[in-house]
Amino acid sequence: MIRAQAQYPPVAIFANLALMKPPEIRRRLEETGRTQSALARHLGKSKDSVSRMLQGMRRIDADEAAEIERFFGVSEASAPTYVQIPVYGYAAAGGDDRISIASDQVLERIEVPYGLSRGEVMAVRVAGDSMEPRLYSGELVIVGVGVPPSRNADCVVELRDGSAVVKQYRGQRDGHVFLWQYNPEQELKLPADKVRAIHAVLYRR
């Protein structure tokens, strides 16, 4: 590997080291919706090594700081602009874990980086304890509206009665949508005609 001293001017090295502190890296991961696993793959490190780095348990050298800067692909001078998105979380009838996502049920608005998703984005506050310990009541998840979730990924299931639940997506077959919850652990089966849409959770905040 080419040493950073040969590839970057000294000033750039110190700038990268100054910017790439664990709290700053965690902030950028959160704001861009990128994962520790993706960062680990980019650096050619194990997930455990990146986790220890983000906890401040090991130092970040100049080479690594430069690679982290490349991973995010932006400098502080060209940081992304932000957009405001609605936050939903009012309780809805039908169960302790149901929330209302009607247009007149917005709790507040928060800022997220522009371009986080190609389409509409919303935020949802998890209700109830059915997803603990994966997701806790009151925790905020950022959701890509109309973005299909991957199998075994977190999702928001919008029902035709105007309510929604946060679960883990397991798939669809025989006219049903299959979901998973953690507390108590069980698979849920919903008739597909009761589901308006399923939206992918992009990241937790």
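Hey, what do the phi angles of the range 177-191 turn into as Karplus ³J(HN,Hα) couplings, whole Hz, using 6.51/-1.76/1.60 and θ = phi - 60°, x for Gly and Pro?
Those phi angles translate into 9, 9, 10, 9, 10, 9, 9, x, 5, 6, 8, 10, 10, 10, x Hz.
Of the beta bridges DSSP finds with both residues in the chain, what % are antiparallel, to the nearest 5? Walk me through the numbers on the way to the answer.
Values: 41 of 43 bridges.
Taking every DSSP beta bridge with both residues in the chain, the antiparallel ones total about 95 percent.
List the aspartates and glutamates whose alpha-carbon lies under 19 Å from that of residue 21, not counting same-chain residues fewer than 8 positions away?
Within the straight-line cut-off, residue 21 pairs with 30, 31, 48, 61, 63, 64, 67, 69, 76.
Give the aspartates and glutamates reachable from residue 47 as a straight Cα distance under 14 Å; neighbours fewer than 8 places away on the same chain don't count.
none
Around residue 83, which amide H atoms from residues at least 5 apart in sequence, or from another chain, sit under 5 Å from its own amide H, with H modelled in the peptide plane?
Here 112, 114 satisfy the definition.
Report the relative contact order of the chain, percent, no decimals, based on alpha-carbon pairs under 8 angstrom and at least 6 residues apart. Present the calculation step by step, with values, prior to reporting the outcome.
Numbers: 367 pairs, mean separation 32.8, N = 205.
RCO, the chain: 16 percent.
Hey, which lysines would be in cross-link range of residue 189, C-alpha to C-alpha under 20 Å, not counting anything within fewer than 8 residues on its own chain?
Candidates past the 8-residue exclusion: 167.
At 1.4 Å probe size, put 167, 194, 45 in order of accessible surface, largest to smallest.
Details: 167 5, 194 120, 45 95 Å².
Per-residue accessible area, sorted high to low, gives 194, 45, 167.
Probe 1.4 Å, all protein chains in place: accessible area of residue 70 in Å², nearest 10?
110 Å²
When only the heavy atoms of the protein chains count and the probe is 1.4 Å, how do 158, 30, 64 rank by accessible area, highest first? Could you put the intermediate results ahead of the total?
Working: 158 40, 30 80, 64 15 Å².
Reading off the accessible areas and sorting them downward yields 30, 158, 64.
How many nm separate the modelled label positions at residue 36 and residue 83, each set 7 Å beyond the Cα in the direction of the Cβ?
That separation, rounded to one decimal, is 3.0 nm.
Give me the 1.4 Å probe accessible area per residue for the chain, excluding ligands and nucleic acids, in Å². Let's see the in-between values first.
Details: 11390 Å² over 205 residues.
Spelled out: the 1.4 Å probe surface of the chain, per residue, equals 56 Å².
Using protein chains only and a probe of 1.4 angstrom, how many square angstrom of residue 20 are accessible, to the nearest 10?
0 Å²
What does the accessible area of residue 187 come to, in Å² to the nearest 10, when a probe of 1.4 Å is used?
Accessible area of residue 187: about 100 Å².
In terms of solvent-accessible area of protein heavy atoms at a 1.4 angstrom probe, what is the ranking of 173, 204, highest value first?
On the way: 173 130, 204 110 Å².
The residues order as 173, 204, largest area first.
Would you list the P(r) distribution for the range 58-205, with all Cα-Cα distances sorted into 10 Å bins from 0 and each bin expressed as a whole %?
Answer for the range 58-205: a P(r) of 11, 37, 29, 15, 7, 1 percent.
Given H placed on each backbone N at 1.01 Å, which residues far from residue 92 in sequence or on other chains put an amide H within less than 5 Å of it?
98, 99, 100
What are the residues whose amide H is under 5 Å from the amide H of residue 159, where those residues sit 5 or more places off or on another chain and H is modelled from the backbone?
Hits under the 5 Å cutoff: 164, 165, 196.
Tell me, what is the FRET efficiency for residue 49 and residue 188 to the nearest 0.05, using R0 = 25 angstrom and their Cβ-Cβ distance as r? Provide the component values of the computation, followed by the final result.
Working: r = 37 Å, r/R0 = 1.47.
Efficiency for this residue pair is about 0.10.
The values are calculated or read from the model by the stated rules, or taken from the named source; none is laboratory data. Remember, it's a predicted structure, so these values are computed and weren't measured experimentally. All Cβ positions, glycine included, derive from the backbone under ideal geometry; neighbour counts span all protein chains shown. Only protein heavy atoms, including side chains, enter the accessible area calculation; ligands, DNA and RNA are left aside. Shrake-Rupley method; radii C 1.70, N 1.55, O 1.52, S 1.80 Å.
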